[in-house]
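Written below as structure tokens is the structure these notes are about.
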Amino acid sequence: MTKFSDLALDPRVLQAVAEAGYETPTPIQAQAIPHALQGRDVLGIAQTGTGKTASFTLPMITLLGQGRAKARMPRSLVLAPTRELAAQVAENFDTYAKHTKLTKALLIGGVAFGEQDKLIDRGVDVLIATPGRLLDHHERGKLLLTGVQIMVVDEADRMLDMGFIPDIERIFSLTPFTRQTFFFSATMAPEIERITNTFLSNPVKIEVARQSTTSETIEQQLIQITPSRKDRSFADKRAVLRALIKQEGEACTNAIIFCNRKMDVDVVSKSLKAHGFNASPIHGDLDQSVRTKTLDGFRDGSVHLLVASDVAARGLDIPAVSHVFNFDVPSHPEDYVHRIGRTGRAGRKGKAYTIATPFDDKYLANIEALVKQPIPRGVLPEGFTLPEPGAKPERPERKDERGPKNSRSRSGRDDRKPKEEPQAATAPVAVAAAPAPRKEEPRRDDRKDDRREDRKDDRRDERRDSPRPAPHGAVAHHGTGHHGHHHAAPSGERRDYRNRNDRDDRVVGMGDHVPDFILRSFKLRESTPDDLEVSAPEAERADAE
């Protein structure tokens, strides 16, 4: 059996590997490391969790043992699709290069440029980065890639599949043609492999397991449900998820729950918390500090359930994950292999549940075609049932949904019993004054007509620069004069001469045109104290109608 001591690695690297507790390399490591040490380009394909990261970190540390980096010119470059995977690769270098003097820098989003610039200015032997942040530093003139001797593309298929093809091509064009290149991935579709032929020169292809296969240490189950209604699909899946977690009990020491969309990650996480589960979300829209804190909590056990998008499906090395739940069936079949590969790592046993509805049939067919075997079907937890398809969910009575009986009705009327209010002050203050109880209230249609006419008068008064003086002998207030005498209105204007007893008391300028009232200043026309009396309920009814 091959051991690390048989792979011609640097003694300092072997010491670090032994201190980490490893003696025997995995198949991908045993085959890739010798070719890498010979300077060959390597295309490695292996199942997730088989140690691909060490397959390139160990030979890189050995090859870079001699030499010194120049300022702003790293000697090697590792590209990763996500911040978490890049940070994990950096941790591997810290572990295996601790007895060497090699330096490294991590360039990822969510971190200030200043600290990263300082590291690059000193010169680094190993530069680990995501494509976007790497190009940002290059465009700012802070980084040169002409000194790169070794270049690694980790999770190559994901890098290319996520739309990084233009960025990858540009980065390769900035590096020397004589570089040594490593491509490592769990899956490698034929069309992706054709693209890699452009980047690699006569590579050694290492495929230690059949491409796109799932580990035999993972127990898979497909839970198929038919929602009671189409719009109940999301809620029914959440109920099934909770039932599955409860069914596993103490056997579920921790778990990763995968959703297809970031917004669903937040909803599922909040739902689990509301039902008493210890869950936290992680996806690309969260700040890097929050994502790092969440992952650290999941590693140390303070977070039991990690609800994640596919940002956590690629390459994250969390060995002791007992369960994986696919809340959504992945739309890309390769993602299924990566997701369930978060459990059952390093020879451990694991379980992977997938919740599917009839709308996921096409995705399931693609997954089973990729892995070349059907996913074992499971059943719902004992005692758990879903409503029958087409059944209407029980709804509370309408009055309970709309609140207490004394709330405002749909028509805008206030059904509450009127309370006795104190007499209003005579000062012209709108709404703040409270009127005396009214003996009778005009019909609703009459109130509408009154307010319509009041609004016309209000708009006309606002257009005036100043109130017009009333002619000698005319009554100043709006409405009818004493003894039935009226002042003639100017030509082209309409005045409302209603009977004083039928008049709905209104405050001038307080119509439905609230924006005009707020934005413009105006003067109230001369009025009597009766005109300025208004009650709060009456104002509310006017606004509602």
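Please determine whether any residue of the stretch 344-354 is surrounded by fewer than 16 Cβ atoms within 10 Å (Cβ to Cβ) and in a helix (DSSP H, G or I). Let's see the steps before the verdict.
Of the residues in the stretch 344-354, the ones surrounded by fewer than 16 Cβ atoms within 10 Å (Cβ to Cβ) are 346-349.
Next cut, in a helix (DSSP H, G or I) only: 346-347.
Yes: one or more hits.
Would it be correct to say that Ser289 is surrounded by fewer than 16 Cβ atoms within 10 Å (Cβ to Cβ), within 26 Å of the chain's Cα centre (by Cα) and assigned to a helix (DSSP H, G or I)? Write out each step before concluding.
On the way: surrounded by fewer than 16 Cβ atoms within 10 Å (Cβ to Cβ): yes; within 26 Å of the chain's Cα centre (by Cα): yes; assigned to a helix (DSSP H, G or I): yes.
Yes; evaluated as a whole, the condition is true for this residue.
Would you call Thr198 among the polar types (S, T, N, Q), within 27 Å of Ala320 (Cα to Cα) and surrounded by fewer than 17 Cβ atoms within 10 Å (Cβ to Cβ)? Lay out the reasoning, then the answer.
Values: among the polar types (S, T, N, Q): yes; within 27 Å of Ala320 (Cα to Cα): no; surrounded by fewer than 17 Cβ atoms within 10 Å (Cβ to Cβ): yes.
No, not satisfied.
Hey, does the stretch 401-409 have a residue that's at pLDDT below 90, part of a helix (DSSP H, G or I) and either of a type in the set (Lys, Arg) or buried (at least 18 other Cβ atoms within 10 Å of the Cβ) (or both)? Spell out how you get there, then give the answer.
We begin by selecting, within the stretch 401-409, every residue at pLDDT below 90; these are 401-409.
Keeping just the survivors that are part of a helix (DSSP H, G or I) gives 401.
From what's left, either of a type in the set (Lys, Arg) or buried (at least 18 other Cβ atoms within 10 Å of the Cβ) (or both): none.
No: zero hits.
On the basis of being touching a residue at least 40 places away in the same chain (Cβ under 8 Å) and among the charged types (D, E, K, R), does Lys273 make the cut? Walk me through it before giving the result.
Values: touching a residue at least 40 places away in the same chain (Cβ under 8 Å): no; among the charged types (D, E, K, R): yes.
No; evaluated as a whole, the condition is false for this residue.
If I go through the stretch 240-285 residue by residue, how many of them are within 19 Å of Ile225 (Cα to Cα) and aromatic (Phe, Trp, Tyr)?
Matching residues across the stretch 240-285 total 1.
Please specify each residue of the stretch 33-73 satisfying the condition of being of a type in the set (A, V, I, L, M) and either assigned to a loop (DSSP other than H, G, I, E, B) or closer than 15 Å to Gln149 by Cα (or both). Talk me through it step by step, then tell me what you get.
Of all residues in the stretch 33-73, those of a type in the set (A, V, I, L, M) come to 33, 36-37, 42-43, 45-46, 54, 58, 60-61, 63-64, 69, 71, 73.
If the condition is that a residue be of a type in the set (A, V, I, L, M) and either assigned to a loop (DSSP other than H, G, I, E, B) or closer than 15 Å to Gln149 by Cα (or both), then Ala36, Leu37, Val42, Ala46, Met60, Ile61, Leu63, Leu64, Ala69, Ala71, Met73 are the ones that fit.
Hey, among Arg242, Arg232, which residue is in a helix (DSSP H, G or I), under 19 Å from Thr354 (Cβ atoms) and either out of contact with any strand residue (DSSP E or B) (no Cβ under 9 Å at 6 or more places or on another chain) or of a type in the set (A, V, I, L, M) (or both)?
On the way: Arg232 fails: under 19 Å from Thr354 (Cβ atoms).
Of the residues listed, the single one that is in a helix (DSSP H, G or I), under 19 Å from Thr354 (Cβ atoms) and either out of contact with any strand residue (DSSP E or B) (no Cβ under 9 Å at 6 or more places or on another chain) or of a type in the set (A, V, I, L, M) (or both) is Arg242.
Please find, among Phe298, Phe325, the residue that is closer than 12 Å to Ile256 by Cβ, out of contact with any Gly (no Cβ under 6 Å at 6 or more places or on another chain) and either in the same structural domain as Met188 (by TED's automatic domain parsing) or assigned to a helix (DSSP H, G or I) (or both).
Working: Phe325 fails: either in the same structural domain as Met188 (by TED's automatic domain parsing) or assigned to a helix (DSSP H, G or I) (or both).
None of the others qualify; the one that does is Phe298.
State which residue pairs qualify: first residue closer than 13 Å to Asp328 by Cβ and inside the stretch 218-236, second residue aromatic (Phe, Trp, Tyr) and at pLDDT 90 or above in any location, beta carbons under 7 Å apart, and separation of 6 or more residues or different chains.
What qualifies is Ile223/Tyr353.
Hey, any hits in the stretch 78-86 for a residue that's among the β-branched types (Val, Ile, Thr) and part of a loop (DSSP other than H, G, I, E, B)?
Going residue by residue through the stretch 78-86, those that are among the β-branched types (Val, Ile, Thr) are 78, 82.
Still in the list and also part of a loop (DSSP other than H, G, I, E, B): 82.
Yes - at least one qualifying residue is present in the stretch 78-86.
Among the residues of the stretch 159-180, is any touching a residue at least 40 places away in the same chain (Cβ under 8 Å), among the charged types (D, E, K, R) and touching a helix residue (DSSP H, G or I) at 6+ places or on another chain (Cβ under 8 Å)?
Let us first name the residues in the stretch 159-180 that are touching a residue at least 40 places away in the same chain (Cβ under 8 Å), namely 159, 161-162, 164, 168, 171, 175, 180.
Then drop every residue that is not among the charged types (D, E, K, R), which leaves 161.
Cutting the leftovers down to touching a helix residue (DSSP H, G or I) at 6+ places or on another chain (Cβ under 8 Å) gives us 161.
Taking every residue of the stretch 159-180 in turn, at least one turns out to be touching a residue at least 40 places away in the same chain (Cβ under 8 Å), among the charged types (D, E, K, R) and touching a helix residue (DSSP H, G or I) at 6+ places or on another chain (Cβ under 8 Å).
Give the residue that is farthest from the chain's Cα centre (by Cα), with candidates limited to residues of the stretch 141-188 that are hydroxyl-bearing (Ser, Thr, Tyr) and more than 28 Å from Glu334 (Cα to Cα). Explain how you work it out, then say what you get.
If we filter the stretch 141-188 for residues that are hydroxyl-bearing (Ser, Thr, Tyr), which is where we start, we get 146, 173, 175, 178, 181, 185, 187.
This time we only want the ones that are more than 28 Å from Glu334 (Cα to Cα), so: 146, 173, 175, 178.
Numbers: Thr146: 37, Ser173: 34, Thr175: 35, Thr178: 41 Å.
That would be Thr178.
The values are calculated or read from the model by the stated rules, or taken from the named source; none is laboratory data. Note that the structure is predicted; figures quoted are calculated from it, not measured. With ideal geometry, Cβ positions are generated from the backbone for all residues, glycine too; neighbour counts draw on all protein chains shown.
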